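Below is one structure, written out as structure tokens; the observations come after it.
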Amino acid sequence: MYNYIQHYINGQWVDSTGNETIDVINPATEEKIGEISSGTKEDLDKAVQAARDAFPAFSQTTKEERADLLDRIADEYEKRKDQFIEVIMAELGSPVTFTTNVQYQMGLNHFRTAAKLVRDFDFTENRENSFIQKDAIGVAGLITPWNFPTNQASTKLASAFAAGSTVVLKPSTETPFAAVLLKEVFEAAGVPKGVFNLVNGTGSTIGNGISSHPDIDFVSFTGSGGVGTKIMENAAQDIKKVSLELGGKSPIVVLDDADVDYAAKTAISHIAGNTGQVCTAGTRALVPKSMHDDFIQAIKKYLPEYPVGDPKDESTFTGPQVSEDQWNTVQDYIQKGIDSEATLVAGGTGKPEGLETGYYSKLTVFTNVKPEDTIAQEEIFGPVLSVITYNDLDEAIEIANGTIYGLAGYVVGNDPDALTKTAKSLRSGRIVVNNEQADFTAPFGGFDQSGIGREWGDYGIEEFLEPKTIVGLP
């Protein structure tokens, strides 16, 4: 059992001023694995004050000192690899192979990348008769989601530390224990007291409290659009800076010269990886009409290679949904697809055979989906793929851009001109061509209702800085 009914404030665990707790459930077993304190406004006030008190000294450290700190953090993070994998498997239900190669590794990559970039980062600039100085923004409130417990927290924390900002972190109530492990990493690495503070609790109390707190200067949030809207409303009361990484309904544009098997495997991997609980997941496969039948046959052929099952089994590719609520949401969307004129190719409602315990969904594929259908427009956050056909590339681009989102996009094919045209025409923050590996130095964020601001690399560091112009220095 993981029991953390205190908050980490000013370098120590402190009792909550409230008595309520929140159970944490293993989604693969439906059993309680621990509990956390449900924080109060008073708990948050203490954490913010600790961060406020630590800010003057930490913001004046040199970039070399902060780079060394980030390297020590990365070293300590690596020492706890097995612990991170165990915790993320238990609280998220993420399969062991995916947890090892993606969940754990992405968190490490952000700390290593920030350490490298901040050493060469220009915090000052001379321009004509102006001197520009980039100052740490102040106290940052970080609100992170459950689907990537280390990645989302680490990219925000690494950027904040690189910039010289102090933080208060509120992790998701579904996956809070990875954040506790990060606290242990920071303690061992020598993060000064008050620079990192951890307050668990509900979004209604701690999340709203962060976004409306007068002594928090910046809010960085990853999650749903509805919550993002509320955060902006709260932050507007005192003109607080906000960065939001929200939902997505990303297209995979399959060009007419693409290898059908490769394209089908690419599409399946997007709904199977992390059980489709990925904001950047390519959940709309846009396929030429002439390729449609072969593509569907390839989907049916390769689906068995992405088995749903026990996260502890190394052969498992897809685990459970994070919670019963999320499972019910996914089931509702699958039913909406069935009730529409779309054709169910694979999967459907209910749990996979033999997996009655645990919040497991079937890998589900619909074809003959219209671009305006609900399952093609709304973020499902589960293992559901919509296959949409197109006549020519211009139509494919129009369909791809035809949602309220713009977080990511994918292009599969061979012709360099068509690849380039498509990638440059998609209205999304990150475009991946032929499954190219992620660049952790490049900006991550979305267009339209997928958010504002950017994370990762030097763009992420910039979010935690405020430029100051000084004119007329001698």
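Could you tell me which of the residues 388, 404, 431 is open to solvent by 20 Å² or more (accessible area, probe 1.4 Å) and assigned to a strand (DSSP E or B)?
431
Any residue at all in the stretch 435-452 that's part of a helix (DSSP H, G or I), open to solvent by less than 30 Å² (accessible area, probe 1.4 Å) and at pLDDT 95 or above? Yes, that holds for at least one residue. Of the residues making up the stretch 1-26, just one is β-branched (Val, Ile, Thr), part of a strand (DSSP E or B) and either without any contact (Cβ under 8 Å) to a residue 24 or more places away in the chain or open to solvent by 80 Å² or more (accessible area, probe 1.4 Å) (or both), namely 21.
Within the stretch 190-207, the set of residues being touching a residue at least 24 places away in the same chain (Cβ under 8 Å) and either surrounded by fewer than 19 Cβ atoms within 10 Å (Cβ to Cβ) or assigned to a strand (DSSP E or B) (or both) comprises 190, 192, 193, 196, 197, 198, 202.
Checking the condition within 15 Å of residue 285 (Cα to Cα), open to solvent by 50 Å² or more (accessible area, probe 1.4 Å) and part of a helix (DSSP H, G or I), which residue from 462, 395 passes? If you could, list the steps in order and put the result at the bottom.
Details: 462 fails: within 15 Å of residue 285 (Cα to Cα).
The conditions single out 395.
If you go through the stretch 285-307 one residue at a time, do you hit one that is in contact (Cβ under 8 Å) with a residue 40 or more places away in the chain, within 27 Å of the chain's Cα centre (by Cα), closer than 18 Å to residue 380 by Cα and open to solvent by 20 Å² or more (accessible area, probe 1.4 Å)? No, every residue in the stretch 285-307 fails to be in contact (Cβ under 8 Å) with a residue 40 or more places away in the chain, within 27 Å of the chain's Cα centre (by Cα), closer than 18 Å to residue 380 by Cα and open to solvent by 20 Å² or more (accessible area, probe 1.4 Å).
Residues are listed down the side, and each one gets a yes or a no for (1) closer than 27 Å to residue 217 by Cβ; (2) acidic (Asp, Glu); (3) open to solvent by 10 Å² or more (accessible area, probe 1.4 Å); (4) touching a Lys or Arg at 6+ places or on another chain (Cβ under 6 Å):
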{"site": "28", "(1), (2), (3), (4)": "no, no, yes, no"}
{"site": "42", "(1), (2), (3), (4)": "yes, yes, yes, no"}
{"site": "56", "(1), (2), (3), (4)": "yes, no, yes, no"}
{"site": "62", "(1), (2), (3), (4)": "yes, no, yes, no"}
{"site": "78", "(1), (2), (3), (4)": "no, yes, yes, no"}
{"site": "81", "(1), (2), (3), (4)": "no, no, yes, no"}
{"site": "91", "(1), (2), (3), (4)": "no, yes, no, no"}
{"site": "98", "(1), (2), (3), (4)": "no, no, yes, no"}
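Restricting attention to the stretch 322-354, the residues that are open to solvent by 30 Å² or more (accessible area, probe 1.4 Å) and in a loop (DSSP other than H, G, I, E, B) total 7.
The number of residues in the stretch 407-420 being assigned to a loop (DSSP other than H, G, I, E, B), farther than 15 Å from residue 448 by Cβ and open to solvent by less than 20 Å² (accessible area, probe 1.4 Å) comes to 1.
The values are calculated or read from the model by the stated rules, or taken from the named source; none is laboratory data. If you're wondering where the values come from, they're calculated on a predicted model, not measured in any experiment. With ideal geometry, Cβ positions are generated from the backbone for all residues, glycine too; neighbour counts draw on all protein chains shown. Calculation scope for accessible area: heavy atoms of the full protein, side chains included, ligands and nucleic acids excluded. Shrake-Rupley method; radii C 1.70, N 1.55, O 1.52, S 1.80 Å.
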